[in-house]
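In what follows, a single structure is set out as structure tokens and then discussed.
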Amino acid sequence: MISIVIPIYNEEEIFHILHQRVTNAIVSTGEDYELVYVNDGSRDRSLPIMLDTQARDPHVVVIDLSRNWGHMGAIYAGLTTAKGDAVVLMDGDLQDPPEVIPQFVAKWRQGAQVVTAVRRSRQESRKGLGVLFALWHKLFDKISDFKIPENSGVFGLCDRQAMDSINALTERNRYFPGLRAWVGYRNEVVYYDRADRAGGEGKLSFMSRIKYATDAIYTFSYKPLRLAMFMGGLTLFIALMLAVFAFTSDGGRGAYLGLLSAVAFVGSLQMISLGVFAEYIARIYDEIRARPISLINRVYRADRATGLQFHEVPRREEQLRAA
Ligand code: UDP
Ligand code: MG
């Protein structure tokens, strides 16, 4: 069986077309499947619409989270609930075209354990953002201590073994594309053209994008920490040059200004280093508090044999298992 996991946050405008296109794509493969929709605390009619779909289509599983946990939290709940022998993950705004899924399945059938979808091109209604994303991928590729396929997002497939390995990683600040590359296994790439949103607005706020990008850097690179050492070396060099200059000059007004700027320069470098350390310390604090990555309120599904509808209330211990 193949599971398709899709996080949903306020997607009432496009849910029906999403469900239709995903269903068509997966049915064309002839595989048994389940569609796992994760309602990430939507404030619009997404949940009733999904439950209505679930009542009519026994392939659908709806996970209702306790609140809005963000993209990565929603994904985690979906991936740990999915039961398939292979799990496809995609966004719910149709930027990841469902028509690519049969290619993932074909690669998996040929023995791939992890299939990563790489963007050949991307359409963004917000033009500036597209350029920013491309720059970000270039920068991240340089900074990361670990090789992660460039221009990939969450879209892709993992077999059961790779999925279990990723789910067993309990880190709180999750950069999914990084984790998927990190676990290894037999990897394959599928190229696709990233579409624009099928409808509605982007659901990730500017701040949550910044959080996602910094998580990627701080959880996959030690280079920012080494930056402090590098800057220390730089200021030491400048200080020595100034000392030589001070011996050979005879003071005057310029000396005061020089002193002032040197103090400010060193101070700012120290603050930057402290800020970088703070980013790591905050993440260490997240890890030791060991709060769950997200909490599930209800899981709605139909019994596969009888078609009977029921819902599960996950036990507290189960949800804290990641801790
Ligand atoms: N999403 C979510 N929780 C959130 C924000 C977004 O589950 O707090 C979902 C959203 O419904 C979509 C996917 O995550 O299916 C990606 O979000 P979006 O398309 O807005 O991100 P973007 O394409 O703007 O990066
Ligand atoms: Mg999107």
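Conditions (1) among the polar types (S, T, N, Q); (2) surrounded by fewer than 20 Cβ atoms within 10 Å (Cβ to Cβ), marked per residue:
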residue: Q95; (1), (2): yes, yes
residue: A112; (1), (2): no, no
residue: S121; (1), (2): yes, yes
residue: G128; (1), (2): no, yes
residue: F140; (1), (2): no, yes
residue: F146; (1), (2): no, yes
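When you check I4 against the structure, is it touching a strand residue (DSSP E or B) at 6+ places or on another chain (Cβ under 6 Å), within 16 Å of ligand 2 (Cβ to nearest atom), open to solvent by less than 10 Å² (accessible area, probe 1.4 Å) and within 30 Å of M207 (Cα to Cα), yes or no?
When the stated conditions are applied, I4 does not pass them.
Taking the condition more than 9 Å from ligand 1 (Cβ to nearest atom), open to solvent by 10 Å² or more (accessible area, probe 1.4 Å) and within 19 Å of the chain's Cα centre (by Cα), does T81 pass?
So T81 passes the test.
Residues of the stretch 202-217 being in contact with a Leu (Cβ under 9 Å, 6 or more places away or on another chain) and away from ligand 1 (no atom under 14 Å from the Cβ), which ones?
If the condition is that a residue be in contact with a Leu (Cβ under 9 Å, 6 or more places away or on another chain) and away from ligand 1 (no atom under 14 Å from the Cβ), then I217 is the only one that fits.
Find all pairs meeting these conditions: Cβ atoms under 6 angstrom apart; at least six residues apart or on different chains; first residue within the stretch 202-221 and under 17 Å from D286 (Cα atoms) and open to solvent by 40 Å² or more (accessible area, probe 1.4 Å); second residue more than 15 Å from ligand 2 (Cβ to nearest atom) and assigned to a loop (DSSP other than H, G, I, E, B).
Close Cβ pairs satisfying both conditions: T219/N173; T219/Y175.
Answer yes if at least one residue in the stretch 29-43 is in contact with a helix residue (DSSP H, G or I) (Cβ under 8 Å, 6 or more places away or on another chain), in a loop (DSSP other than H, G, I, E, B) and closer than 21 Å to I293 by Cβ, and no otherwise.
yes
The values are calculated or read from the model by the stated rules, or taken from the named source; none is laboratory data. These numbers come from a predicted model, not from an experiment. Every residue, glycine as well, gets a Cβ built from its backbone with ideal geometry; the counts of neighbours run over all protein chains shown. All accessible areas refer to the heavy atoms of the entire protein, side chains included, with ligands and DNA or RNA removed. Shrake-Rupley method; radii C 1.70, N 1.55, O 1.52, S 1.80 Å.
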